[in-house]
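Have a look at the structure below, then the notes.
The values are calculated or read from the model by the stated rules, or taken from the named source; none is laboratory data. These numbers were taken from a predicted model, which means no experiment stands behind them. Please note: Cβ atoms are built from the backbone with ideal geometry, for glycine as well, and neighbour counts cover all protein chains shown.
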Amino acid sequence: MRLVLVGPPGAGKGTQAQFIASHLSIPKISTGDIFRYNVSTGTELGKQAKAYMGRGDLVPDEITIAMVVARLQEPDAQSGFLLDGFPRNVPQAEVLRKLLAEWDTRLDVVLELVVDDDEVVRRLSGRRTCRQCGRIWHVLFEPPARAGICDDCNGELFQRDDDREQTIRHRLDVYAEQTQPLIAFYADDGILLGIDATGPVEEITERAMSALRRFIR
Ligand code: AP5
């Protein structure tokens, strides 16, 4: 399956992506994770992306698109993938559509996670991420057994730089201006599927999987 997850910052894309990709046995490709890895390891790509990410702005398209095209050409993405965080504006979506058409394929479905802004702020201000395995936690809603330590790998949990309230509000504005138009773009294509992304994490995964079932081939 070739699947895109879309939704505002904090909708739970990363949380759900890890479970959905595992259920479907496809690689999860998160542009945010790839950028953060490059920032933390100090690569040229990371140096280019860092300031944009810190402000909550989108990294320029030419940088982002080149990175995604390279990742989609890797062997594990040939028979399917889950994209988390890409595309994030209409020009990126148009490039993706053209690229897949050149490869004689297309997206099967775009899954929109629907949550309101207040819930987003609650979620992001308590988010913690494992430095080692990338698993996402929340201090109240999904707490690890020991504060600051990942249950899965004992890695150290950290708070993202862009999870400060002012930056969160700016990311929501950027989402409304630049990413929200993708909803109409994919609705026109007939491949948009929206689900309510509030409630317990496992219930949302079940909701997503039952909505996706008819696209599994
Ligand atoms: P990215 O990492 O993609 O950030 P985002 O889209 O803002 O999304 P988040 O990762 O903040 O939220 P999420 O929806 O994944 O929520 P999560 O599952 O963590 O991008 C970061 C930056 O990279 C961008 O700002 C930009 O600069 C750059 N970038 C990335 N892609 C780009 C692109 N295509 N073009 C240009 N620039 C790009 O959940 C959040 C919290 O809520 C967690 O703590 C979780 O435990 C908790 N939670 C999850 N589900 C629930 C639930 N059901 N109930 C209660 N709590 C929950």
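Assorted remarks:
- For region 79-93, the set of residues classified as assigned to a loop (DSSP other than H, G, I, E, B), at pLDDT 95 or above and not basic (Lys, Arg) consists of 80, 85, 86, 87, 89, listed by residue number.
- Residue 176 being within 14 Å of the ligand (Cβ to nearest atom), of a type in the set (Gly, Ala, Ser) and out of contact with any helix residue (DSSP H, G or I) (no Cβ under 9 Å at 6 or more places or on another chain): yes
- Criterion: away from the ligand (no atom under 14 Å from the Cβ), more than 11 Å from the chain's Cα centre (by Cα) and either among the β-branched types (Val, Ile, Thr) or assigned to a helix (DSSP H, G or I) (or both) - qualifying residue of 96, 45, 100: 100
- Condition met for residue 189 (out of contact with any His (no Cβ under 7 Å at 6 or more places or on another chain) and closer than 19 Å to residue 86 by Cβ): yes
- Some residue of region 52-73 being in a strand (DSSP E or B), within 11 Å of the ligand (Cβ to nearest atom) and within 22 Å of residue 192 (Cα to Cα): no
- Pick from region 10-30, criterion closer than 17 Å to residue 112 by Cβ and among the hydroxyl-bearing types (Ser, Thr, Tyr), ranking: farthest from the ligand (Cβ to nearest atom): 30
- Candidate set: region 104-156, residues that are in a strand (DSSP E or B) and near the ligand (Cβ under 10 Å from one of its atoms); chosen: the one nearest to residue 215 (Cα to Cα): 113
- Look at region 14-25: where a residue is under 19 Å from residue 142 (Cα atoms) and part of a helix (DSSP H, G or I) and a partner is of a type in the set (Ser, Thr, Tyr) and within 14 Å of the ligand (Cβ to nearest atom), sitting 6+ places away or on another chain with Cβ atoms under 7 Å, you get 14/30; 16/205; 17/30; 19/205; 20/205.
- Residues in region 195-213 that are farther than 21 Å from residue 117 by Cβ and of a type in the set (S, T, N, Q): 205, 210.
- Odd one out for residue 154, checked against (1) surrounded by fewer than 16 Cβ atoms within 10 Å (Cβ to Cβ); (2) farther than 18 Å from residue 15 by Cα; (3) within 16 Å of the chain's Cα centre (by Cα): (3)
- Picking from residues in region 65-105 that are closer than 13 Å to residue 29 by Cβ, among the small types (Gly, Ala, Ser) and touching a residue at least 24 places away in the same chain (Cβ under 8 Å), the one that is surrounded by the most Cβ atoms within 10 Å (Cβ to Cβ) is 85.
- Cβ pairs under 7 Å, 6+ apart, first in region 125-136 and under 13 Å from residue 12 (Cβ atoms) and touching a residue at least 24 places away in the same chain (Cβ under 8 Å), second within 11 Å of the ligand (Cβ to nearest atom) and acidic (Asp, Glu): 127/163
- Residues that are touching a residue at least 60 places away in the same chain (Cβ under 8 Å) and over 27 Å from residue 90 (Cβ atoms), drawn from region 158-197: 161
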